[in-house]
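The values are calculated or read from the model by the stated rules, or taken from the named source; none is laboratory data. All values derive from a computational prediction rather than experimental measurement. Quick reminder, even Gly has a Cβ in these numbers, built from the backbone with ideal geometry, and neighbours come from all protein chains shown.
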Amino acid sequence: MKQHIPNFITSLNLLSGTLSVFAAFHGLLAEAAILLFLSSLFDFGDGFAARMLKAYSPMGKELDSLADMVSFGLAPMVMLHMMIKQVILGSFDADIFQQSFGVQALMLSPFVATVFSGLRLAKFNVDTRQSDSFIGLTTTATGMFLASLAFVFNQGSGWLFDMLQNQWILLSFVPVFSFLLMSEIPMFSLKFKSFGLKGNADKYVLLLASLFFLIWMGMGGIAITIALYVLFSLAKYLKK
């Protein structure tokens, strides 16, 4: 029975990710973001359960990638699509197919990043270099960044919300994340092998920063923390 526990948790990741897609397409961005955050907990939980129970399986690996593709490859891009649609057309319910081809292309562009998410997950499954750290930004981090912004967008106030009213800022996330997902930039892992300060200083700094930004900005702090994570990783890469 214990062999099926990690796969059950992964299935919950897939279910909440699917519901997040459904909610996002109906303009329920806060609900979609919360469901995606729930997916991220299940994504952590299945790996934790597999390590605790030593319940690894080829099926679990494939199911995990499928769940991540829906939860962190598709759902956040639907949120980004809906945000762009709201800013450009002024309504979640507007018919994009009555617009010009250029406007349609802009609003559908987030799904290009969905393709890069699929490539990122496939690359991770065959890349032996990514056992202790990551090469390129993970789909989970990408999804949580965009879900955080979607939650802020739904709140309708604050400096971060004002920034998200610029369609070009929203559209810039597509090439930026498409590049980061497939880049060769090493991203340090937040997994602790020990709890001492030696070798973990960057992780503790990031965790403290995330706590500060969450208290200060609420859900929007998640996006700021992930941006810091990318900058920290890039700084370490350039230093080496």
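Can LYS54 be described as on the phi > 0 side of the Ramachandran plot and charged (D, E, K, R)?
Details: on the phi > 0 side of the Ramachandran plot: yes; charged (D, E, K, R): yes.
Judged against the criteria, LYS54 is a match.
In the stretch 109-135, which residue that is at pLDDT below 95 and not in a helix (DSSP H, G or I) is surrounded by the most Cβ atoms within 10 Å (Cβ to Cβ)?
By that ranking, first place goes to PHE134.
Take the residues in the stretch 136-145 that are part of a helix (DSSP H, G or I) and of a type outside the set (Gly, Ala, Ser), then tell me which one is farthest from PHE179 (Cα to Cα).
Filtering the stretch 136-145 down to residues part of a helix (DSSP H, G or I) leaves 139-145.
Okay, now just the ones that are also of a type outside the set (Gly, Ala, Ser), so 139-140, 142, 144-145.
Details: THR139: 12, THR140: 15, THR142: 11, MET144: 17, PHE145: 15 Å.
This residue is MET144.
Looking at LYS203, is it at pLDDT below 80 and assigned to a helix (DSSP H, G or I)? Give the derivation first.
On the way: at pLDDT below 80: yes; assigned to a helix (DSSP H, G or I): yes.
Criteria met by LYS203.
Take GLY47 and decide whether it is within 19 Å of the chain's Cα centre (by Cα) and not aliphatic (A, V, I, L, M). Give the steps one after another, and end with the answer.
Values: within 19 Å of the chain's Cα centre (by Cα): yes; not aliphatic (A, V, I, L, M): yes.
The answer is yes for GLY47.
Determine whether SER71 is surrounded by fewer than 24 Cβ atoms within 10 Å (Cβ to Cβ) and polar (S, T, N, Q). Outline the logic, then answer.
Numbers: surrounded by fewer than 24 Cβ atoms within 10 Å (Cβ to Cβ): no; polar (S, T, N, Q): yes.
So SER71 does not fit the description; no.
Which ones in the stretch 26-58 are aliphatic (A, V, I, L, M), touching a Phe, Trp or Tyr at 6+ places or on another chain (Cβ under 7 Å) and touching a residue at least 60 places away in the same chain (Cβ under 8 Å)?
Here is the first cut: in the stretch 26-58, the ones aliphatic (A, V, I, L, M) are 28-30, 32-36, 38, 41, 49-50, 52-53, 55.
Applying the additional criterion that residues be touching a Phe, Trp or Tyr at 6+ places or on another chain (Cβ under 7 Å) yields 29-30, 33, 50.
Hits for the stretch 26-58 are LEU29, ALA30, ALA33.
Within the stretch 1-36, restricting attention to residues that are among the aromatic types (Phe, Trp, Tyr) and modelled with pLDDT of 95 or more, which residue is farthest from PHE111 (Cα to Cα)? Spell out the reasoning first.
Looking only at the stretch 1-36, we keep the residues that are among the aromatic types (Phe, Trp, Tyr), and these are 8, 22, 25.
Add one more test, that the residue is modelled with pLDDT of 95 or more, and what stays is 22, 25.
Values: PHE22: 15, PHE25: 13 Å.
Ranking the candidates gives PHE22 first.
Condition check ((1) in contact with a Ser or Thr (Cβ under 8 Å, 6 or more places away or on another chain); (2) under 24 Å from VAL115 (Cα atoms); (3) in a helix (DSSP H, G or I)) across all residues:
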{"residue": "ILE9", "(1), (2), (3)": "no, no, yes"}
{"residue": "LEU14", "(1), (2), (3)": "yes, yes, yes"}
{"residue": "ALA33", "(1), (2), (3)": "yes, yes, yes"}
{"residue": "LEU41", "(1), (2), (3)": "no, yes, yes"}
{"residue": "PHE44", "(1), (2), (3)": "no, yes, yes"}
{"residue": "TYR56", "(1), (2), (3)": "no, no, no"}
{"residue": "SER65", "(1), (2), (3)": "no, yes, yes"}
{"residue": "SER71", "(1), (2), (3)": "yes, yes, yes"}
{"residue": "ILE88", "(1), (2), (3)": "no, yes, yes"}
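Quick grid of which residues meet (1) part of a helix (DSSP H, G or I); (2) modelled with pLDDT under 85; (3) over 17 Å from ALA33 (Cα atoms):
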{"position": "ALA147", "(1), (2), (3)": "yes, no, no"}
{"position": "ASP162", "(1), (2), (3)": "yes, no, yes"}
{"position": "PRO175", "(1), (2), (3)": "yes, no, yes"}
{"position": "SER194", "(1), (2), (3)": "no, yes, yes"}
{"position": "LEU207", "(1), (2), (3)": "yes, yes, yes"}
{"position": "LEU214", "(1), (2), (3)": "yes, no, no"}
{"position": "ALA223", "(1), (2), (3)": "yes, no, no"}
{"position": "ILE226", "(1), (2), (3)": "yes, no, no"}
{"position": "TYR229", "(1), (2), (3)": "yes, no, yes"}
